[in-house]
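Working notes for the structure below.
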Amino acid sequence: MVRSSPVTAAVDRFTTDPDLPLRQGAFQSPLRDERIAAWLGAALGLLFTTCFVTGLFSHLHQHPLSWLPVPARPAGLYRFAQGLHVASGIASLPVLVAKLWVVWPRFLSFPPGRRAADAVERLGVLALVTGGIFMVFSGVANIAQWYPWRFSFTAAHYWTAWITAGALVAHAGAKAPIAVRAMRPRRRSARRPALADADPVLHTSAEGPHDGLDRRGFLRTVAGAAGVLTLTTAGQTLPGLRRLALLAPRDPADRPVNRSARNAGVLEAAAASTYRLRIEGRVARPLTLTLDDILAFPAHSAGLPIACVEGWSYSARWTGPRLRDLLDAAGAAAGAAVNVESLEQRSPYRVAFVNHFQAHDPDTLLATHLDGAPLTPDHGAPVRLIGPDRPGVNQTKWVTRVVVL
Amino acid sequence: MILWGVRGAFHHRLDTRPAQLARFLLGGALAHDLVLAPLVVLAGVALARTVRGRWRAPVQVALFVSATLALFTYPALRGYGRALHNPTSLPHDYAANLAIVIGAVVLAVAAGAIVSANRR
């Protein structure tokens, strides 16, 4: 048995000697309690699941599957889903730190496993903890436009989401019986099992008199922290909460943009008199249009949201020719999908795919005006794509080419 | 699902840079275990030694809420994302706004504590 090895003996002594600071039980708090762990776990599971499902929806928008085209309606679906994604992620921050705090002594328990099953569970929990911390950290950093890494945020956030979600399913499955038992409401008179029996590591219970928060107070505090964070950030997408959005990274009243014309390197090309919009690909009559040619098409106005993957959004009135009118003029097939290309050179979002639903939607425009005024360079002048139910990064700015597929 | 994620991270290694991603994954857990958690433990010990009786709960509430607010606002406070040519990114004075929100939380918690103390 490994227990007799000198290393294990030393660690055993280190974690059980009552005079040493790392002894097991040294971090006792009456709030490190099974019921609290179960409730926080359930809340976190719900928030992470919401993030995962809405995240997959956003991924589907940006990496389209031919057999699962996203619909053009409802027009605000992406806005809703991505607002929910970011809000759930923000709200999970206090729940995650509280949950980690409650179960932390378990991470320090030693030896890490007495059976193979313990080691497997620990690996799963390691994946869940590292993945969960990374998902919340990278998401919070991303919406504040902080990129302390060199990998692609979207790729890393997406693939780590699968790892985290898999670990979450395994953890939830393993803990469901304990959690359900712990969360079941009990009559005040009913005798509760000593937690020391159920959990020799946590070893504590929020039962009995003690100073400070009780169980309900602690859970309410975590919920309150999530609530305050939501109230002070959700206004970046919910107009009703706009005035409270003191901590939001964007203010929709500014009509924010993610990439300015200068940062995209298109200031000159977009303003030049040589600007042309070409409609080509599988068309009967390829077109090359000047800005005046574009303005000569019948203008249509649509009230549409622009909804960023980073969770902010605002509604505006966009005006310009319908994409489908331009496609008809070029003689494209009725059900054609298109790629819309920007003047921008170095960006993963230079080209955006518009599926057949969206390309032929009456509200999908090559807009030249925003709220009645000509587009500014930062908003994509001279011409930008705007359509219903699309992520902001796919509402291509500085459009110069439409390729019919 | 886990294997699918690991496979994807390696398959798209130009985008995900698996070695760096792994450092961030483990680094996040280590930052929690070696920095954040000990700080919280120290704060807990300090709190247990200094604040007793019925004031401890409100202090715990105010500290937890303020700490999570500060944690969320940290990147905006540092202003990493203040892109030179995009004034619509991080438009607020986040230090002032964080102070306002924390101040409101502390006031609300204190008011709640006084009301419940009077009721007893």
Number of positions in segment B:90-101 that are facing chain A (nearest Cβ under 8 Å) and assigned to a loop (DSSP other than H, G, I, E, B): 3
Unmet requirement for A:L246, which otherwise passes all of (1) modelled with pLDDT under 95; (2) part of a loop (DSSP other than H, G, I, E, B); (3) not polar (S, T, N, Q): (1)
Unique residue being closer than 26 Å to A:L100 by Cβ and of a type in the set (D, E, K, R) when the list is B:R120, B:R78, B:R82, B:R52: B:R78
Segment A:35-76: number of residues that are among the β-branched types (V, I, T), within 21 Å of A:I163 (Cα to Cα) and in contact with a His (Cβ under 6 Å, 6 or more places away or on another chain): 1
Residue match in segment A:165-182 (condition: part of a loop (DSSP other than H, G, I, E, B) and closer than 18 Å to B:F24 by Cβ): no
Failed item in (1) within 22 Å of A:A225 (Cα to Cα); (2) in the same structural domain as B:S116 (by TED's automatic domain parsing), with B:L84 passing the rest: (1)
Leading residue by the ranking (farthest from the other protein chains (Cβ to nearest Cβ)) among those in segment A:243-252 that are under 21 Å from A:L370 (Cβ atoms) and in contact (Cβ under 8 Å) with a residue 60 or more places away in the chain: A:P252
Checking B:A19 against (1) more than 8 Å from chain A (Cβ to nearest Cβ); (2) crowded, with 16+ Cβ neighbours inside 10 Å, the condition it does not meet: (2)
Positions within segment B:76-89 being among the hydrophobic types (A, V, I, L, M, F, W, C), outside any loop (DSSP other than H, G, I, E, B) and more than 7 Å from every other protein chain (Cβ to nearest Cβ), in sequence order: B:L77
Residue count for segment B:1-54, restricted to those that are more than 23 Å from the chain's Cα centre (by Cα) and of a type in the set (F, W, Y): 2
Matching option when the condition is touching a Phe, Trp or Tyr at 6+ places or on another chain (Cβ under 7 Å) and either more than 8 Å from chain A (Cβ to nearest Cβ) or at pLDDT 90 or above (or both), among B:T50, B:T68, B:T73: B:T73
Counted residues, segment A:254-279 - those being small (G, A, S), more than 7 Å from chain B (Cβ to nearest Cβ) and touching a residue at least 60 places away in the same chain (Cβ under 8 Å): 6
Sole exception among (1) assigned to a helix (DSSP H, G or I); (2) at pLDDT below 90; (3) not charged (D, E, K, R) for A:A26, by number: (1)
Every residue from segment A:142-156 that is assigned to a helix (DSSP H, G or I) and surrounded by fewer than 21 Cβ atoms within 10 Å (Cβ to Cβ): A:F153, A:T154, A:A155
Residues satisfying the stated conditions in segment A:205-229, i.e. modelled with pLDDT of 95 or more and of a type in the set (S, T, N, Q): A:T221
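Kindly indicate which of A:A334, A:A367, A:A359, A:A381 is touching a Leu at 6+ places or on another chain (Cβ under 8 Å), in the same structural domain as A:W318 (by TED's automatic domain parsing) and at pLDDT below 95.
Checking each option against the conditions leaves just A:A381.
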Checking A:R79 against (1) charged (D, E, K, R); (2) surrounded by fewer than 16 Cβ atoms within 10 Å (Cβ to Cβ); (3) modelled with pLDDT of 95 or more, the condition it does not meet: (2)
Residue match in segment A:230-239 (condition: within 14 Å of chain B (Cβ to nearest Cβ), at pLDDT 90 or above, under 30 Å from B:T50 (Cα atoms) and not in a loop (DSSP other than H, G, I, E, B)): no
In segment A:117-141, the residues that are more than 8 Å from chain B (Cβ to nearest Cβ) and crowded, with 22+ Cβ neighbours inside 10 Å: A:L128, A:G132, A:M135, A:V136, A:G139
Filtered residues of segment A:276-304 (kept if under 24 Å from A:V257 (Cα atoms) and either surrounded by 23 or more Cβ atoms within 10 Å (Cβ to Cβ) or of a type in the set (S, T, N, Q) (or both)): A:S301, A:L304
In segment B:53-65, the residues that are out of contact with any Ser or Thr (no Cβ under 6 Å at 6 or more places or on another chain) and within 7 Å of chain A (Cβ to nearest Cβ): B:G53, B:R56, B:A57, B:Q60, B:V65
Positions within segment A:131-171 being in contact with a Gly (Cβ under 6 Å, 6 or more places away or on another chain) and hydroxyl-bearing (S, T, Y), in sequence order: A:T160, A:T164
Some residue of segment A:356-366 being on the phi > 0 side of the Ramachandran plot, within 26 Å of the chain's Cα centre (by Cα) and touching a residue at least 60 places away in the same chain (Cβ under 8 Å): no
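The values are calculated or read from the model by the stated rules, or taken from the named source; none is laboratory data. Since the structure is predicted, the reported quantities are computational estimates derived from the model, not experimental observations. Glycine gets a Cβ as well: all are built from the backbone with ideal geometry, and neighbour counts include every protein chain shown.
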